[in-house]
Ligand SMILES: Cc1cc2nc3c(=O)[nH]c(=O)nc-3n(C[C@H](O)[C@H](O)[C@H](O)COP(=O)(O)OP(=O)(O)OC[C@H]3O[C@@H](n4cnc5c(N)ncnc54)[C@H](O)[C@@H]3O)c2cc1C
Ligand SMILES: Cc1ncc(C[n+]2csc(CCOP(=O)(O)OP(=O)(O)O)c2C)c(N)n1
């Protein structure tokens, strides 16, 4: 079972996200992550959904999504050449003994420190899922106090929409 | 001209060709009912919103037109839910208008507020909460368009009271539907059609498995042409009943759990399955990996999501049944020979006909009543059913001649569907005999609609196959739970004759086999009010043959 990234363009109307999530809940498809946002066209939003399943499940998900009146287009971009990004904010324990070490890690990942507290630092990082997993793992030994991670957004390279 | 939202609504209904609506008033729909008061659209007052919804559904199934119902907000709207879900499972075109509290009150737990667009999201094809009076005309147009096109289904339109009360300038012209996320399916993949034709020409043991999609596509003539051109036997699902004449020499009757032995055997032996407007429901397939084990599968369906959902398909064709069958028929060579396959099937028909025993207590056998109804109406009546054994016997023992003459809740299996659906059908087709075949359990779920049928002088006949049991459940308890009849004995019941009379309907009680025919003839003569026929039948008759749940079609119980 593979992770698939579906890029779904929908009408930018109230309730559309509920329609999409209700469909996933009702048909017992598993959402790994889901992000919604505006696009270059103010009447259209894009939902990026990461869902696990074999080919048959993904095909059903796609067909069922198409049946929603407010869904305009569904593209499985898993195997497309695309740029994918997630954003994470990590509040990590950081007393004076380890601060330097954390800063080093942050540099390696080309992440940033965006807040400095008495005993904690907040690190911001963007990248594809693998990079975000890696930075999380590297900071884990210091003690992660809080972590928020967005879902994935993605855009296909080159001319294709 | 300045018009109120409610007046615009009625104007739009007329434009959609609506002549009848089924409903029940209340506070939030006062503006709509005020507009209905001097409209020439006929409003039928139900006695419960569920009755209104099923009546609109019955009207839709009997005609192919969009059924319309109206309820108030809150409890009125929630009372529609079972009716909406029933229509959704069976792909019935309906538009349901629900009142809603005033826009300013939405979200504040106002009096009689229910989040009906939220509640109906998973049981509608689409739904709307109308936000301004300017949107009413567009939304109504879209709602009807969505309900009736492609795979039909129910659409809910939630109308806040102030939106209906406000007046705006309205010229009456409405723009075309423009939905970029919803396109009407036209055409088909002609490569697949050619491949289908090749498969049909090569097949030695083909079977057509036809369903509700043939009826909703009005494609009975095309289906018949396909079958007769190549002498292909036809079995239908419960929902497909009537799409192929039950009297035709190629008819196999229903397949599946309570299908005929010969239909299920044919599926087991077929080398080609032509699946037309069907959804491979588990009541049909039984154990899915033993369904049609030797067959290549052609699947024609308008809903791409149905193709490959439950079984793998060799030739998928997405499109309107009617269009696709026309394309196939055009390319098909006629076949004159009556094949070995046809003869094998005839032998099965002879060896394993539908049959039933006799009652040890001398009671009427329920199957006999259906046979008598057939003998007297010859396939010309519209039959509706409740759910349970009554429904299965009505499917097995009546021979349907035409599409849209067998109305039953297949997907949801809603007890209480049959009687209000019969009311809707009778209003749609006043010249047809309309009979609800009922169980004594189911009929009590919407018995209040006797009030409606009497008020509108509708001579609908209700045949209660009264076994004083929730018969279908009792049957399963008998077969699979050691005969422990837990809460299925319903012998505490009203006197149905007196009940009918209390409503000013006609009541009859029939206890002797010899009286069945005469009583039915008498009931068929009534022209101004409903007739409730309380047939006291064998209490423990079972529906056979039967594929035990999860079993294979060729392992059937009973009816040998
Ligand atoms: C007690 C009980 C027992 C039952 N036992 C049986 C049984 O023994 N046998 C049986 O068959 N059923 C039985 N049923 C009914 C069963 O549950 C299903 O409702 C039924 O089998 C579905 O029928 P269908 O496949 O024709 O699909 P439908 O629900 O009628 O769906 C129609 C299909 O056609 C497609 N379609 C619609 N319009 C078009 C068009 N214009 N062009 C192309 N395609 C279109 C739709 O997309 C859909 O896939 C039973 C139900 C109950 C309550
Ligand atoms: C609303 C609803 N509740 C419960 C059921 C479960 N159920 C299916 S068949 C049946 C028995 C129906 O009894 P009756 O109407 O007397 O018909 P019979 O089977 O005896 O012909 C029941 C309870 C159902 N289908 N619908």
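The values are calculated or read from the model by the stated rules, or taken from the named source; none is laboratory data. Predicted model, so just to flag it, every value in this text is computed and none were measured. Don't worry about glycine lacking a Cβ; one is built from the backbone with ideal geometry, like all the others, and counts go over all protein chains shown.
Here are the numbers for the structure shown:
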| read-out | value |
| --- | --- |
| Qualifying residue in the range B:207-216 (condition: without any contact (Cβ under 8 Å) to a residue 12 or more places away in the chain and more than 14 Å from chain A (Cβ to nearest Cβ)) | no |
| In the range B:370-386, the residues that are touching a helix residue (DSSP H, G or I) at 6+ places or on another chain (Cβ under 9 Å) and either buried (at least 24 other Cβ atoms within 10 Å of the Cβ) or farther than 20 Å from residue B:546 by Cβ (or both) | B:372, B:373, B:374, B:375, B:376, B:377, B:381, B:382, B:383, B:384, B:385, B:386 |
| Test for residue B:93: is it in contact with a strand residue (DSSP E or B) (Cβ under 9 Å, 6 or more places away or on another chain), modelled with pLDDT of 95 or more and not assigned by TED's automatic domain parsing to the domain that holds residue B:413 | yes |
| Helices (runs of 4 or more DSSP H) fully within the range B:334-422 counting 3 or more residues that are in contact (Cβ under 8 Å) with a residue 12 or more places away in the chain, more than 16 Å from ligand 1 (Cβ to nearest atom) and farther than 19 Å from residue B:534 by Cα | B:340-351 |
| Test: residue in the range B:534-555 that is within 16 Å of ligand 2 (Cβ to nearest atom), away from chain A (no Cβ under 14 Å) and over 30 Å from residue B:261 (Cα atoms) | yes |
| Pairs with Cβ under 9 Å, 6+ apart, first in the range B:279-290 and over 24 Å from residue B:215 (Cβ atoms), second outside any loop (DSSP other than H, G, I, E, B) and near ligand 1 (Cβ under 9 Å from one of its atoms) | B:288/B:282 |
| Boolean, residue B:259 is crowded, with 17+ Cβ neighbours inside 10 Å, assigned by TED's automatic domain parsing to the domain that holds residue B:233 and assigned to a loop (DSSP other than H, G, I, E, B) | yes |
| Test: residue in the range B:225-239 that is free of Cβ contacts under 8 Å to residues at least 24 places away in the same chain, under 25 Å from the mean Cα position of the chain (by Cα) and either within 24 Å of residue B:353 (Cβ to Cβ) or within 16 Å of ligand 2 (Cβ to nearest atom) (or both) | yes |
| Identity of the residue in the range B:379-390, farther than 14 Å from residue B:542 by Cβ and within 12 Å of ligand 2 (Cβ to nearest atom), that ends up nearest to the other protein chains (Cβ to nearest Cβ) | B:387 |
| Subset of the range B:131-146 (residues that are more than 12 Å from chain A (Cβ to nearest Cβ) and in contact (Cβ under 8 Å) with a residue 40 or more places away in the chain) | B:133, B:136, B:137, B:140, B:141, B:144 |
| Residue check, residue B:242 in the same structural domain as residue B:298 (by TED's automatic domain parsing) and within 12 Å of ligand 1 (Cβ to nearest atom) | yes |
| Number of the exception - residue A:118 against (1) over 25 Å from residue A:5 (Cα atoms); (2) not in a loop (DSSP other than H, G, I, E, B) | (2) |
| Cβ pairs under 7 Å, 6+ apart, first in the range A:67-78 and more than 7 Å from chain B (Cβ to nearest Cβ), second part of a strand (DSSP E or B) and surrounded by fewer than 18 Cβ atoms within 10 Å (Cβ to Cβ) | A:77/A:156 |
| Check on residue B:61, in contact (Cβ under 8 Å) with a residue 60 or more places away in the chain and surrounded by fewer than 21 Cβ atoms within 10 Å (Cβ to Cβ) | no |
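Residue by residue, here is whether (1) out of contact with any helix residue (DSSP H, G or I) (no Cβ under 9 Å at 6 or more places or on another chain); (2) within 14 Å of another protein chain (Cβ to nearest Cβ) holds:
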{"site": "B:261", "(1), (2)": "no, no"}
{"site": "B:283", "(1), (2)": "yes, no"}
{"site": "B:286", "(1), (2)": "no, no"}
{"site": "B:290", "(1), (2)": "no, no"}
{"site": "B:298", "(1), (2)": "no, no"}
{"site": "B:313", "(1), (2)": "yes, yes"}
